[in-house]
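Notes for the one structure printed next.
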Amino acid sequence: MQKMLLKVTLQIARDDYEDRRKRQGIEIARSEGRYKGRRPDTEKNQKIIELRLRGVSISQTARFLGCSAAQVKRVWAGYKKPNKPGVGS
């Protein structure tokens, strides 16, 4: 039992270490301009806005376009607040 608990604790510590190293690497790459993240799917985002303007619900929009409800909400919030960078288009 103690051996299993130790293994679990060590695995959690290892995962935490790897996550921190990964975040640090991304921050360094961003500061050097080598990492910009995923580009937004402007076509899908425009379809989300069109459907929402027509009154289609969030869940129906997500189901129709094959994306998550969270993505629909994020794009819609970006459309309603156009000064928010990186969202909507």
Among 31, 57, 68, determine the one that fluctuates most according to a GNM of the chain built with springs between C-alpha atoms less than 10 Å apart.
-> 31
Among the GluC sites (Glu not before Pro) in the chain, which ones are in a DSSP loop with at most 15 other Cβ atoms within 10 Å of the Cβ? Mind listing them?
-> 32
Taking θ as phi - 60°, what are the ³J(HN,Hα) couplings along region 34-39 by the Karplus curve (6.51, -1.76, 1.60), each to the nearest whole Hz, with x for Gly and Pro?
-> 9, 10, 10, x, 6, 6
Taking the Cα centre of the chain as origin, sum charge times position over the Cβ atoms of Lys and Arg (+1) and Asp and Glu (-1), and report the length of that vector in debye to the nearest 20.
-> 140
Placing +1 on each Lys and Arg Cβ and -1 on each Asp and Glu Cβ in the chain, then taking the dipole about the Cα centre, the residue among 76, 29, 13 whose Cα reaches farthest towards the positive end is 76
Taking only protein heavy atoms into account and a 1.4 Å probe, give the accessible area per residue of the chain in Å².
-> 85
Listed residues 58, 12, 26, most fluctuating in the chain (Gaussian network, C-alpha, under 10 Å) | 12
Exposed trypsin sites (Lys or Arg not before Pro) absent - longest run of the chain, DSSP non-H/G/I/E/B, at most 13 other C-beta within 10 Å | 55-89
Candidates for mean projected area of the Cα convex hull in nm² are (i) 5.4; (ii) 7.5; (iii) 9.0, and the calculated one carries label (iii)
Pairwise Lys count, the chain - Cα closer than 19 Å, eight or more residues apart or different chains | 12
Taking R0 as 35 Å and r as the Cβ-Cβ distance between residue 70 and residue 1, the FRET efficiency 1/(1 + (r/R0)^6), rounded to the nearest 0.05, comes to 0.30
Gaussian network model of the chain, Cα springs within a sub-10 Å range: biggest mean-square fluctuation belongs to which of 60, 24, 11?
-> 11
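The values are calculated or read from the model by the stated rules, or taken from the named source; none is laboratory data. The shown structure was predicted, so the numbers you read here are calculated from the model rather than taken from an experiment. Heads up, the Cβs are rebuilt from the backbone with ideal geometry, glycines too, and the neighbour counts pull from every protein chain shown. Note: areas computed on protein heavy atoms with side chains; ligands, DNA, RNA excluded. Shrake-Rupley method; radii C 1.70, N 1.55, O 1.52, S 1.80 Å.
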